[in-house]
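Read-outs throughout are calculated quantities, based only on the coordinates presented, and are distinct from any laboratory measurement. Since the structure is predicted, the reported quantities are computational estimates derived from the model, not experimental observations.
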Amino acid sequence: MTAAKNVYALMLALVIVLSGCFGMTGNDSDAQDSGTDENDDEMDGGSDHDDDDDQDRTWYTSGGTYPVEWIDPSFAVSGGWGCIDWGPSYDPDTGEYLGETCREEGYRNSASQWNLSACIDAGGLVLWTNVPAEATENNSSTHSAFRYAPSCKIEFSTINTASGEVLLIYQWDEFYLETTCGGVPAAAYPSSLSGKEYYVVTGGAMDCQHILYKTISYSDNYDESEEMTIWSVVYAIQDATVV
């Protein structure tokens with residue numbers, strides 16, 4: 001009888017010990033799962049936070065065509081030498097009108113001796129090199145620098161941004177950029193975007209005007225006068241906090 005009681009007590013003690021071990025194992029597993037859930041929540045929360053911080057950007061695009069070079073359609077010029085007097089020509093025997101011909105050649109010394117219609121008709125601005133400003137205001141003014149062909153500046157588009165708006169350019173084809181903020185100009189060129197996803201234009205903290213333009217050179221090659229090319233821009237405007 002005593003032996004039976006001893007065996008019963010031993011078995012009861014063993015059951016109690018084993019129950020405690022299983023209980024501890026179950027608690028550890030729950031703690032591990034709980035920790036994993038918390039980590040997942042933190043990761044999900046961080047992802048949601050990042051998404052909230054990312055601004056949706058609306059992309060804008062603009063573009064068109066323009067002549068690769070412009071010519072003086074009245075006559076060809078070489079090295080500054082050309083026709084300075086263009087007029088009607090007649091057959092000396094019959095008096096028949098033969099068309100417009102050059103009656104005198106030489107170096108030009110006045111803007112009026114150039115035909116600038118190709119540039120002006122395209123909305124361009126004629127730019128002379130080394131000619132005083134007062135001489136360009138009057139086509140009849142003379143100056144030796146008029147012998148050299150001018151260039152033609154054509155403005156394609158204007159983008160205005162307010163303080164806190166940052167201009168980002170994603171595509172930059174065949175134009176230059178002139179940004180003016182607070183009356184101070186700054187220039188940028190297609191190479192500014194090289195190797196980058198986008199180019200951040202200066203002046204995001206100020207009210208700015210951004211002019212897209214191209215300066216076209218003169219050519220005396222009539223075969224190139226009809227050649228056209230494409231200018232194109234893709235950009236977005238990102239809101240920013242000015243500090």
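The Rg/Rh ratio for segment 59-239, using Cα coordinates for both the radius of gyration and the Kirkwood hydrodynamic radius, is 1.11. Principal axis extents of the Cα atoms in segment 123-202, from largest to smallest and rounded to whole angstrom, are 49, 27, 20.
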